1. Arrange A:LEU80, B:LEU155, A:LEU211, B:LEU64 by Cβ neighbour counts within 10 Å, fewest through most, would you?
2. Given springs between every Cα pair under 10 Å in a Gaussian network model of chain B, which of B:HIS51, B:HIS148, B:HIS59 has the largest fluctuation?
3. Which of these, B:GLY96, B:GLY120, B:GLY136, has the largest mean-square fluctuation under a Gaussian network model of chain B (Cα springs below 10 Å)?
4. Using θ = phi - 60° and the Karplus form 6.51 cos²θ - 1.76 cosθ + 1.60, what ³J(HN,Hα) does each residue of the range A:159-169 get, whole Hz, x for Gly and Pro?
5. Counting other beta carbons within 10 Å of each residue's own, what order do A:ILE81, A:ILE10 fall into, fewest first?
6. Can you list residues from other chains, or at least 5 along the same chain, whose modelled amide H is less than 5 Å from the amide H of A:LEU64?
7. Just the Kirkwood number for the protein assembly as shown, please: inverse of mean 1/r across all distinct Cα pairs, in Å, one decimal.
8. So, R0 is 22 Å and r is the distance between the beta-carbons of A:ASP221 and A:ARG197; what FRET efficiency does that work out to, to 0.05?
Number of protein chains: 2
Amino acid sequence: MDNSSGVGVIDKAAAVLDALEAGPTTLAQLVAATGLSRPTVHRLAQALVHHRLVGKDVHGRFVLGSRLVELASAAGEDRLIAAAGPLLIQLRDATGESSQVFRRQGDSRVCVASAERPVGLRDTIPVGTQLSMRAGSAAQVLLAWEDHERLLDGLQNARFTPTILAGVRRRGWAQSLGEREPGVASVSAPVRGPSGRVIAAVSISGPIERLTRQPGRLHGDIVCQIAAQISEALRQNGE
Amino acid sequence: MDNSSGVGVIDKAAAVLDALEAGPTTLAQLVAATGLSRPTVHRLAQALVHHRLVGKDVHGRFVLGSRLVELASAAGEDRLIAAAGPLLIQLRDATGESSQVFRRQGDSRVCVASAERPVGLRDTIPVGTQLSMRAGSAAQVLLAWEDHERLLDGLQNARFTPTILAGVRRRGWAQSLGEREPGVASVSAPVRGPSGRVIAAVSISGPIERLTRQPGRLHGDIVCQIAAQISEALRQNGE
DNA sequence: TACTTCCGTCTCATTATGTGAGATGCAAGT
DNA sequence: ACTTGCATCTCACATAATGAGACGGAAGTA
């Protein structure tokens, strides 16, 4: 099978990275594993070190670099956003409310994708907005499936209780009324990664007047459906 | 600051990957972002696609590729093994028993590092060995800090109970007697990643005759100390 | 509808870059 | 003390990468 991309240096650099996938590797081992000449491997490996795509361990062996973890994290975020985009639009149109995807980031949650209701009274949360993990239906969802200790820690000073989170796990969705902002209601459901772990929350939000005091009863099912479709898309495109 | 590694093609490829970190990008946008000429960017990007370091989305835009996720996963494993190596030897020497690090892999746990007691009666678990998540102190540790549903699912047909796992969380270590194999006792403690989540278990194992029927009382403290040191090493070298 | 603009892709003459044989220095092994 | 093996470096040279320009097609505009 033709393994040549048309750019020889990139082919060789990829061979070096492939060899490092097995673990820390000396220069001599890299030469053997790649079939390239020693000065070539040395020069390419040092260039990859320069860009942090490769590192060096305490024994001076080459290892895969931390930049790969950074790029992989960005790649994962790309996939979530790509999968969510059209489905958030669908959710917005089906419910008539603005919709968002949140991810946890320490003590905050961050909006990584959104589809705004274009007209009238609406809740606007721009991409990049950081909100509290202590209030709101998305915070409940991002917390409900944490391990026991992280769950208890997350409940400190929160606007919701263990009983509320137990209900979230049972129903598969969370709702909130005026927790983040007076007059705003929201419904959220979990997005799960290929391993089944909750990695994000899909939400709709808008005025209590329209969503009523039981927004979950109105929209819980559709929010869950959309969250499940995003999860499925991530599962299918993982390989 | 000098940003040239000495291999121009790798410098340019790294610039392309840097540009893609911001999200899906057209060829024209890549040309603008990198300052390279159009055919050069096109050729390099296609070469990176060939090696799956870059992909294409449904709109034909370039995105970071799935190979980066694979390499990043291997990089993370490298760091755990590097951090654990000397500390497992220390643990082995301090306790006189074989020591291991396990990670969860679906319904199994895998030994990713070990330090064997060199002489006499000993428990041997070669790196790569897959063991059950239904028995053994390492399985208890890998399960104790899961979210409620995954914890309950993991308890199906397990040799331990919710009460035992609550004790694991309280004491910070788990012990088992003859769960995986008659006559073998073990003690395990959690290794936490930079986010605080349990990512692995450190264990010692050996004959019940030597470890007694209360191996945790004998060795729980030292196993916890070593696990904490591995966790700290991962935290410090994460950036 | 016709025309213009912009983008992605390809070609190929040119040249700058990457290659690797061989040298050097040093650490480890005998 | 000597030998071996490894990482690092040099530099003459061959080749791979470059980018101006061409081409085709899609999108935008009048």
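Computed from the coordinates by the stated procedures, all read-outs in this text should not be read as laboratory data. What you see is a predicted model, and the numbers here were worked out from it, not measured in a lab. Here the Cβ is made from the backbone with ideal geometry for all residues, glycine too, and neighbour counts use every protein chain on show.
1. Ranking A:LEU80, B:LEU155, A:LEU211, B:LEU64 by Cβ neighbours within 10 Å, fewest first, gives B:LEU155, A:LEU80, A:LEU211, B:LEU64.
2. B:HIS59
3. Result: B:GLY120 has the largest fluctuation of those listed.
4. 3J(HN,Hα) across the range A:159-169, in whole Hz: 7, 10, 10, x, 5, 4, 5, 4, x, 4, 5.
5. Numbers: A:ILE81 17, A:ILE10 23.
Least crowded to most crowded, the residues run A:ILE81, A:ILE10.
6. For A:LEU64, the qualifying residues are A:GLY55.
7. 24.6
8. The computed FRET efficiency comes out at 0.45.
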